[in-house]
Amino acid sequence: GELLAKYHKSHLARDYGKEFEAQWAEVDVPEVVSFESHFGVRFGMFICNDINFGGPTRALLKKGIRDFVFSTFWINLPLSDQAVAMQDSFSRLYAANFLASNQDYEGKGASGSGIWPANLSSDFPQYYNSGAHQGKGWMGIADLISPTPNGADIPPPVEPPKNMKRTYHDEGTWNAAYFDAAQQHTVHLNVSIEGVSCKLDAQVERGQGTYQLMAVSGLMAGWYVGQCYVRVCYPTSNLTRVSCEYVPTGSIPGGGAVFSKLTLQISALHSNTFHHSALCSNGLVVRPRSALRLQRQSATERTLELSTDCELLTAFFDSRAESELETAECPAEGCPEVVQHGNKAEAISSKASDPSTAISSKASETALVV
């Protein structure tokens, strides 16, 4: 085969106090890599955690690229951070064709791949393994039309707010309200947290279940998020409580609800980028994708409208403050200096002072060969 391009990952996977890729180094400035296919379409490329930052995505978009290949080892977190949802949301956000391949490691733990057309009315293959073991593999095939670039879909850069707390770890980073779904039930809820306001108006067509409306504002593993999402909860062994923290298993424990209409509004004062998606009970993106519609009210306000015939797992906004040279932020109390790897303590890997050194020796990379 022929080597078409080589790209070195810009943003390594980490959480506060833990490096998941401590064996690699980061380049100082994100590489902007694209390649021309034999059928005349230019593709941009980046890896996994890069999707959570402004670079190199914004630079690729400014070059007019709207077709992307994306390799990832995406760890699915409970409902708010599913692989297929993030892939779908990137395609929606930038009106781009997005070809994504995940690992399928231990089934639902790191599953979720798809071909996401810029045209929301087009058919789209997607894959999610809701089991606990790796599947036999998956191949998606789709007919795509390369979209015409629209400069209006690239918002002006925004610097993330400083000294923010860690979402879900620190108090004052989230606020939630709950409702029990019932046939023909009408829902009106509002929740807010620092810099983020969420409003839900919904009509339940049928089904049941407890749902949560949640507002989140703070740092998520180094990048700022302002989130609004509706997500299903399920009963615990303590029948007086419910949990909203689980990775999709193919069906909703205790059942879910079908909404004839759902409207979710977000106001996120610190954000310029608004990821959005919705998942059904099987852990897959709603069909057709055109059932989820986005409206823009202002630079910091958006509205989702959804009507679908599946039991709803979640519908959400995941907004960001992005710029081309965005780097991981530390929480208000600072980043820890040392992390544990097994029985050995190591310093957190810093950025390579010489990008060429990182590229030639220890940078995580992907290459496309045809």
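The values are calculated or read from the model by the stated rules, or taken from the named source; none is laboratory data. What you see is a predicted model; the values in this text were computed from it and never measured. Positions of Cβ are backbone-derived with ideal geometry, glycine not excepted, and every protein chain shown enters the neighbour counts. The protein model used for the area step is the full one, side chains on, heavy atoms only, and it has no ligands, DNA or RNA in it. Shrake-Rupley method; radii C 1.70, N 1.55, O 1.52, S 1.80 Å.
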Open to solvent by 10 Å² or more (accessible area, probe 1.4 Å), modelled with pLDDT of 95 or more and more than 14 Å from P147 (Cβ to Cβ): does that describe Y105? no
Would you mind stating whether S34 is surrounded by 18 or more Cβ atoms within 10 Å (Cβ to Cβ), over 29 Å from N282 (Cα atoms) and among the hydroxyl-bearing types (S, T, Y)? yes
Restricting attention to region 128-149, the residues that are open to solvent by less than 80 Å² (accessible area, probe 1.4 Å) and either modelled with pLDDT under 90 or touching a helix residue (DSSP H, G or I) at 6+ places or on another chain (Cβ under 8 Å) (or both) number exactly 8
Would you call V29 touching a Leu at 6+ places or on another chain (Cβ under 8 Å), β-branched (V, I, T) and modelled with pLDDT under 95? yes
Note on S271: of the conditions (1) polar (S, T, N, Q); (2) surrounded by 23 or more Cβ atoms within 10 Å (Cβ to Cβ); (3) free of Cβ contacts under 8 Å to residues at least 60 places away in the same chain, unmet is (3)
Determine the pairs where a residue that is under 15 Å from L120 (Cβ atoms) and free of Cβ contacts under 8 Å to residues at least 40 places away in the same chain, located within region 287-304, has a partner that is of a type in the set (D, E, K, R) and not in a helix (DSSP H, G or I) with Cβ atoms under 6 Å apart, the partner being 6 or more residues away or on another chain. R293/E305
Does V225 satisfy the criteria of being within 23 Å of E171 (Cβ to Cβ), touching a Gly at 6+ places or on another chain (Cβ under 9 Å) and assigned to a strand (DSSP E or B)? yes
May I ask you to verify whether F46 is buried (at least 18 other Cβ atoms within 10 Å of the Cβ), over 19 Å from I154 (Cα atoms) and modelled with pLDDT of 95 or more? no
Within region 101-121, tally of residues that are in contact with a Pro (Cβ under 9 Å, 6 or more places away or on another chain) and either among the charged types (D, E, K, R) or without any contact (Cβ under 8 Å) to a residue 24 or more places away in the chain (or both): 1
Just to verify a result, which residue in region 175-193, among those that are farther than 17 Å from V232 by Cα and at pLDDT 95 or above, is least open to solvent (accessible area, probe 1.4 Å)? I193
Is there any pair with a first residue in region 62-84 that is over 26 Å from Y246 (Cβ atoms) and a second that is part of a loop (DSSP other than H, G, I, E, B) and open to solvent by 10 Å² or more (accessible area, probe 1.4 Å) whose Cβ atoms are under 6 Å apart and which are 6 or more apart or on different chains, and what are they? G64/P149; R66/P147; R66/P149; D67/V41; D67/S146
Can you tell me which residue within region 274-309, out of those that are among the β-branched types (V, I, T) and not in a strand (DSSP E or B), is least open to solvent (accessible area, probe 1.4 Å)? V286
Kindly indicate which of G17, G40, G54, G64 is over 21 Å from I145 (Cβ atoms) and surrounded by fewer than 20 Cβ atoms within 10 Å (Cβ to Cβ). G17
Return the pairs, sorted by first residue and then second, in which the second residue is open to solvent by less than 10 Å² (accessible area, probe 1.4 Å) and not hydroxyl-bearing (S, T, Y), the first residue lies in region 206-232 and is farther than 11 Å from S319 by Cβ and without any contact (Cβ under 8 Å) to a residue 12 or more places away in the chain, the beta carbons are less than 7 Å apart, and the residues are 6+ apart or on different chains. none
Which residue is modelled with the highest pLDDT, if the candidates are limited to region 235-253 and must be surrounded by fewer than 17 Cβ atoms within 10 Å (Cβ to Cβ) and assigned to a strand (DSSP E or B)? S243
Would you mind finding the one in V216, V204 that is among the β-branched types (V, I, T), buried (at least 16 other Cβ atoms within 10 Å of the Cβ) and under 19 Å from C280 (Cβ atoms)? V204
Residue tally, condition surrounded by 13 or more Cβ atoms within 10 Å (Cβ to Cβ) and in a loop (DSSP other than H, G, I, E, B), over region 151-168: 11
More than 22 Å from G283 (Cα to Cα), surrounded by fewer than 23 Cβ atoms within 10 Å (Cβ to Cβ), touching a Ser or Thr at 6+ places or on another chain (Cβ under 9 Å) and among the small types (G, A, S): is that true of A22 in this structure? yes
When region 108-127 is examined, which residues are found to be surrounded by 17 or more Cβ atoms within 10 Å (Cβ to Cβ) and in a loop (DSSP other than H, G, I, E, B)? S111, G112, P117, A118, L120, S122, F124
